[in-house]
1. Looking at Glu312, Glu352, Glu344, Glu361, which one is out of contact with any Cys (no Cβ under 7 Å at 6 or more places or on another chain) and in a loop (DSSP other than H, G, I, E, B)?
2. Is at least one residue of the stretch 304-316 open to solvent by less than 40 Å² (accessible area, probe 1.4 Å), under 24 Å from the mean Cα position of the chain (by Cα) and not polar (S, T, N, Q)?
3. Among the residues of the stretch 317-341, how many are crowded, with 20+ Cβ neighbours inside 10 Å and assigned to a helix (DSSP H, G or I)?
4. Of everything in the stretch 28-60, what is of a type in the set (S, T, N, Q) and either surrounded by 13 or more Cβ atoms within 10 Å (Cβ to Cβ) or modelled with pLDDT of 75 or more (or both)? Give them in sequence order.
5. Condition first: at pLDDT 80 or above, farther than 30 Å from Pro216 by Cα, of a type in the set (Phe, Trp, Tyr) and loosely packed, with under 12 Cβ neighbours inside 10 Å. Can you find one or more residues in the stretch 101-124 that meet it?
6. Return the residue satisfying two criteria in turn: it lies in the stretch 285-298 and is without any contact (Cβ under 8 Å) to a residue 60 or more places away in the chain and open to solvent by less than 20 Å² (accessible area, probe 1.4 Å), and of such residues it is farthest from Val236 (Cα to Cα).
7. Hey, among the residues in the stretch 145-166 that are open to solvent by 90 Å² or more (accessible area, probe 1.4 Å) and part of a helix (DSSP H, G or I), which one's nearest to Lys229 (Cα to Cα)?
Amino acid sequence: MAAAYPPSEPASSQRPPLGVRLRAFWRRVTEGLELTQLWSQFETEARSSYRLYSRDVAAKTPEGLTRRGHRLHVVKEFFWAVLEKLSPARRVLLLVALVLLVFPSGGFSYHDSGNDFHVIEFDFQFFGGLLLFLLLMLEIGDRVVMKRDLQIAREIQTWLLPGVPPQIPGISLAYTTRPANTVAGDYYDVFPRPGKTSEDNRVIFAVADVAGKSIPAAMLMATFQASLKTLSTAQVALPELVANMNKYACSNSQGGLRFTTAFLAEYDATRRVFNYINAGHNNPILRRSNGLIERLDVGGLPVGIQAEAKYESASVALAPGDWLIIFTDGLVEAVNAHDEEFDEPRLLSTLEAGVSTTPQELLNRLMANLDLFVGSTPQHDDVTCLLVKAENS
């Protein structure tokens, strides 16, 4: 005898309630962000977009205009700044859409052969909105393709940077970087440099900042990384290594326009000594265990400016409890809504409050303080920081 099964319920009765579906839809749209987070994101993107267009406006605004003339000029230039970001075909599409949006609905009438009266109406604003929607879809398509390519570039750039900090006798360290855009022009690295004998082995420390941001800076950053890794295999002193990197950079710097500031150092773990060169970079801060502050400022010009530039090196010995902070200008020049910079005093204050912690804990505290300071203000430059703490042997 065949078993009897209850009839299955209709598919419609198995659907979740409307409220559940709406909440799921909202979570998918917002990716789980709260309203305050959405507003902060919108505010950040709006300010970033405004700065993109306002640069063109400010560059073309003459002096001596009346208040009314200035407003009209700004509106006109802002319109052209937006329009010129589009391709010629899309400019025409936008102009046609704007013209249709200001037209009222219209039409025409006619009598057919049966002398019946017919009226045909056109909703110009509907077609204007349709053209704007088409333009939006085209722009979104470009953005999706570009975002995918940028994401691939970011993954490649991540591969070029070190992962977990290496274990180095006598010191502990932590590092991080935050790109202002999807990809960055900042570079940091820590890697071994074998010598002729085991006593000559060193560890290279590098923090660099390529002039500019986004893709052009990221490409030069990759070039800088490749030249450093390649040239450091030669058994030459640090000044000669940096001089060779500078000559190579000058061949790709567009006459010095694409220069790179850099702090490069060799660490001798046996003697606990840093031999360094500061090539136009922000002066790293060395805080001694007794609270005294030193600046590592010996070096020369940024690489990529003058092919025959000479570089001097200097050495500092680390004692237990000493801290070394190497950073890019994006850290100390980060601004808040009042256009105030984070600046070095806040950096030093954070350091003083965390001298008894580990480098990773101090780095986390520093980044949290930076976030609290800038709030929702857009990040205008890449932020990179490398912390070194001398430990007991």
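1. It is Glu312.
2. Yes.
3. Within the stretch 317-341, residues that are crowded, with 20+ Cβ neighbours inside 10 Å and assigned to a helix (DSSP H, G or I) number 2.
4. Listed by number, the residues that qualify are Thr30, Thr36, Gln37, Ser40, Gln41, Thr44, Ser48, Ser54.
5. Within the stretch 101-124, not a single residue is at pLDDT 80 or above, farther than 30 Å from Pro216 by Cα, of a type in the set (Phe, Trp, Tyr) and loosely packed, with under 12 Cβ neighbours inside 10 Å.
6. Leu286
7. Taking the stretch 145-166 and keeping what is open to solvent by 90 Å² or more (accessible area, probe 1.4 Å), we get 146-148, 154, 159, 164.
Now drop any that are not part of a helix (DSSP H, G or I), which leaves 146-148, 154, 159.
Working: Met146: 30, Lys147: 29, Arg148: 28, Arg154: 20, Trp159: 14 Å.
Filtering first and then ranking leaves Trp159.
So that you can scan it fast, the table gives a plain yes or no per residue for (1) open to solvent by less than 20 Å² (accessible area, probe 1.4 Å); (2) touching a residue at least 24 places away in the same chain (Cβ under 8 Å):
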residue	(1), (2)
Ser227	yes, no
Ala237	no, yes
Arg258	no, yes
Tyr267	yes, yes
Arg272	no, yes
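The values are calculated or read from the model by the stated rules, or taken from the named source; none is laboratory data. Quick caveat: nothing in here was measured; it's all calculated off a predicted structure. Ideal geometry is used to build each Cβ from the backbone, glycine not excepted, and the neighbour counts take in all protein chains shown. Side chains included, ligands, DNA and RNA excluded: accessible areas come from the protein's heavy atoms. Shrake-Rupley method; radii C 1.70, N 1.55, O 1.52, S 1.80 Å.
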